1. With θ taken as phi - 60° and the coefficients 6.51, -1.76 and 1.60, list the Karplus ³J(HN,Hα) couplings across the range 177-185 in order, rounded to whole Hz; mark glycine and proline as x.
2. For HIS251 and THR84, FRET efficiency with R0 = 51 Å and r from the beta-carbon atoms, rounded to 0.05?
3. Relative to the compact globular guide of 2.2 N^0.38 Å, what is the alpha carbon radius of gyration of the range 256-304, as a ratio?
4. By how many nm would the segment from ASN124 to HIS142 lengthen if fully extended, with 0.36 nm per residue of separation less the alpha-carbon distance?
5. Take ASN292 and SER365, extend 7 Å from each Cα along the Cα→Cβ direction, and tell me the distance between the two endpoints in nm.
6. Based on the alpha-carbon gyration tensor of the range 402-442 and its eigenvalue square roots a ≥ b ≥ c, which shape applies: rounded if a/c is under 1.5, prolate if not and a/b is larger than b/c, or oblate?
7. Once ligands and nucleic acids are excluded and a 1.4 Å probe is used, how much of LEU382 is accessible, expressed in Å² to the nearest 10?
8. By the scheme Lys and Arg +1, Asp and Glu -1, what is the net charge of all other residues having a beta-carbon under 12 Å from that of HIS203?
Amino acid sequence: MPSMNGITRREGLVLGLGGLFALTASGVDAAGQASLTFWTVRINTPELVAALKGLLDQFMREHPDIKITQEPVSGSLVYPKFLTAVQGQSMPDVAEAFSYHPLQFAAMNQMEPLDDIISEWQANGQLANIVNEFAYKKFLWHDHYWGVPYNLDIRAFYYRKDLFTAKNIKPPTNWDEFQAAAIALNDPNNDVFGLAFPAGNFHITQHYYMAFMFQAGGGILDKDCKLIFGTAAKDANVKALTYLTNFATKHKVTPPGIASWDTEDAHTVFLQGRAAIGMGTGGLIGRIMNENPDLFDKVGILEVLEGPAGPSRKLTAGFYNPMFVWKYSPGKDAAKTFIKWFVQPRRLEPIYAAQPGLAWPILKSEFNTDRVNRNRLLKEALTNVVPYATDFAYPGLGRPEMGVIDGEKMFAAPVNEVVVGTKTPEQAVADAHARMAKLFTS
């Protein structure tokens with residue numbers, strides 16, 4: 001195995017924020033049973049852990065030669081565990097985590113290529129069944145696939161149908177209509193704000209900015225994977241940042257304090273009935289169902305907006321999350337067997353049912369289910385959001401640097417800085433580009 005000593009500064013940057021997981025490989029016992037440790041980042045709530053346990057038990061019944069143990073990674077312990085795993089060369093047998101982790105670890109020569117799984121999926125038709133080819137192509141780097149997708153995490157705009165109807169306002173379809181609706185429905189005297197979104201220096205903030213960047217014709221990378229955030233895409237990214245932050249700084253239709261908000265702050269305000277429009281994850285559907293069911297019939301999910309760049313850029317941020325295998329795991333073949341079993345049509349239905357909306361299938365054949373068809377908000381998300389979801393690197397493919405850009409919240413900072421008033425949109429975009437550029441050597 002290669003030593004981890006003497007890594008370059010650039011490798012350190014690529015490595016530094018990959019750590020939202022850590023695994024310990026377990027090996028093969030004397031009887032030939034492979035023992036795998038499966039660390040999870042996104043399947044750790046009590047509901048999801050219970051659903052996952054049922055799946056793992058089923059897998060082991062069907063594969064008695066493979067033992068698999070789930071170990072959730074807690075947010076407070078992530079970074080030290082990750083550093084320990086890297087330094088001790090005790091990385092994953094198999095893991096699921098966030099979008100760009102496989103590429104970050106591939107840059108450190110720690111990942112097993114999964115080209116064989118992609119080839120098998122191409123031969124059996126599963127590749128064509130994936131909802132968006134970017135879901136798997138994003139893991140292509142240096143001519144190898146370093147991860148495979150297993151679920152989709154969406155971002156949506158929720159709106160109060162009853163408030164829109166009361167003022168005879170139709171659901172907006174473009175930027176102009178969206179802005180007009182947020183202004184018209186702002187009613188702070190009755191503790192109802194036109195728009196609630198997180199503008200704190202958190203990861204979620206950049207997810208919503210990303211949607212407006214796409215719709216303005218901007219982005220972070222071009223199709224050749226070159227950094228363009230503050231160069232070729234500068235005007236579009238400034239336009240998107242100005243449009244988003246104007247809701248707080250110019251139109252003043254947001255609740256006070258959004259500059260410190262994270263995901264759940266915006267969710268909570270919408271759940272309390274205090275926002276006409278709210279930006280939220282797919283998991284807000286389940287929270288509405290469980291915490292304020294009376295609100296369910298009053299809420300709709302907007303179709304992704306069309307922005308200045310027109311219909312070809314009618315896109316929003318969505319995350320095709322990966323599974324991946326450690327290059328030096330003694331159970332690599334068993335780990336790949338598990339991944340192929342896990343990412344089968346209808347296999348993950350118990351997980352999707354456990355917390356509605358939080359995670360979505362990547363396979364088109366899984367969408368038309370009774371679970372979705374019985375739930376209006378799930379159906380609206382499927383129709384209005386899922387087809388337009390793509391990841392941060394679009395229209396480029398994978399680059400390990402994207403994991404650092406995401407992990408370091410390099411494009412959340414501009415939103416926060418403009419809302420707080422410390423920078424203009426032009427300054428914020430230029431400064432963020434300068435930080436990103438330090439990661440790229442080509």
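The values are calculated or read from the model by the stated rules, or taken from the named source; none is laboratory data. Owing to the predicted nature of the structure, the values given are computational and were not obtained by experimental measurement. Heads up, the Cβs are rebuilt from the backbone with ideal geometry, glycines too, and the neighbour counts pull from every protein chain shown. Note: accessible area is taken over every heavy atom of the protein model, side chains too, but ligands, DNA and RNA are not part of it. Shrake-Rupley method; radii C 1.70, N 1.55, O 1.52, S 1.80 Å.
1. 5, 5, 4, 4, 5, 4, 5, 5, 8
2. 0.60
3. 1.10
4. 4.0 nm
5. 4.0 nm
6. Because a/c hits 1.5 or more and a/b fails to exceed b/c, the range 402-442 counts as oblate.
7. About 40 Å², ignoring ligands and nucleic acids.
8. Computed value for this residue: -2.
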